[in-house]
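Novice: Structure incoming, see below.
The values are calculated or read from the model by the stated rules, or taken from the named source; none is laboratory data. Quantities reported herein were computed from a predicted structural model and do not represent experimental measurements. Cβ coordinates were reconstructed from backbone atoms using ideal geometry, including for glycine residues, and neighbour counts include every protein chain displayed. Surface areas here come from the heavy atoms of the whole protein model, side chains and all, with no ligands, DNA or RNA. Shrake-Rupley method; radii C 1.70, N 1.55, O 1.52, S 1.80 Å.
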Amino acid sequence: MIENYDDFLEGHVAQLIDLHMREVSWKYDYASVEGGKNKHWHVLAGHDMKECRENGYDFVEPIWDTIDRKFEGHLNLLRVYFNAHTHGIEPHTHLDDGDITMIYYPRMDWDVDYGGGTMVQEKDSHPTYLQYIGNRLIAFTANLPHQGQPVSRECYKLRTVIVFKTEWKDKEKRKWWDNLDGKLDMNKVKIVKD
């Protein structure tokens, strides 16, 4: 599964989140894979909304509330964190834990010529490039290989993202999902709502 949702939040809420992200105190030296040489900036916001609020990152709550509504309350939040990189920093291709990874692009002033989107690879398919567009949420199956894409040398801005790691609440659905092991062609799956 690979999906994207443009204009995910109301404009004024997206602007506020963008402003808050510009005030984050970043920590460098994080690798997306154990022992990886390529590092980037990273901040753990929290493992649930209560911890995010306690850590001073309450501005992520409108994003989670909208995710929760869009996925009809079927997901548990495992953690929220922020990643960032600039020109010259290329994160590793990696797989995530959990069931669904969601990445919110907060920079409202991002120019598509800067690059910096996310590449996601489904089995037996061409990679999907999800362009960085402010106020866009992307969602994909967590165990798909993916990578934050390089930023143009013409860009002097920090490419920031807010990541939500989630799992299905329904353990049977989760067990089914975990046992697929690439046996399901996600390009042919249709989600049916009754």
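Novice: Say whether the condition of being among the small types (Gly, Ala, Ser) and within 12 Å of Gly98 (Cβ to Cβ) is met by at least one residue in segment 143-160.
Specialist: Looking for residues that are among the small types (Gly, Ala, Ser) and within 12 Å of Gly98 (Cβ to Cβ), one finds none in segment 143-160, hence no.
Novice: Let me ask another. Has segment 144-157 got any residue that is modelled with pLDDT of 90 or more and under 12 Å from the mean Cα position of the chain (by Cα)?
Specialist: No, segment 144-157 contains no residue that is modelled with pLDDT of 90 or more and under 12 Å from the mean Cα position of the chain (by Cα).
Novice: Oh, and also: Would you check if there is a residue in segment 125-148 being among the aliphatic types (A, V, I, L, M), open to solvent by 10 Å² or more (accessible area, probe 1.4 Å) and more than 21 Å from Phe8 (Cα to Cα)?
Specialist: Yes, the conditions are met somewhere in segment 125-148.
Novice: Under the condition of being at pLDDT below 95 and of a type in the set (A, V, I, L, M, F, W, C), which residue from segment 1-18 is least open to solvent (accessible area, probe 1.4 Å)?
Specialist: Met1
Novice: Give the residues of segment 93-122 that are open to solvent by 40 Å² or more (accessible area, probe 1.4 Å), touching a residue at least 24 places away in the same chain (Cβ under 8 Å) and over 18 Å from Thr141 (Cβ atoms), sorted by residue number.
Specialist: If the condition is that a residue be open to solvent by 40 Å² or more (accessible area, probe 1.4 Å), touching a residue at least 24 places away in the same chain (Cβ under 8 Å) and over 18 Å from Thr141 (Cβ atoms), then Met108, Asp109, Asp111, Asp113, Tyr114 are the ones that fit.
Novice: So, in segment 19-46, exactly how many residues are closer than 26 Å to His94 by Cβ, over 15 Å from the mean Cα position of the chain (by Cα) and modelled with pLDDT of 95 or more?
Specialist: The total comes to 0.
Novice: Can I ask one more? State the number of residues belonging to segment 46-76 that are open to solvent by 80 Å² or more (accessible area, probe 1.4 Å) and under 19 Å from Glu3 (Cβ atoms).
Specialist: 4
Novice: Give all pairs with beta carbons closer than 6 Å in which a residue from segment 123-147 that is free of Cβ contacts under 8 Å to residues at least 12 places away in the same chain meets a residue that is surrounded by fewer than 20 Cβ atoms within 10 Å (Cβ to Cβ); count only pairs at least 6 apart in sequence or on separate chains.
Specialist: These pairs meet every condition: Pro127/Met119; Pro127/Gln121.
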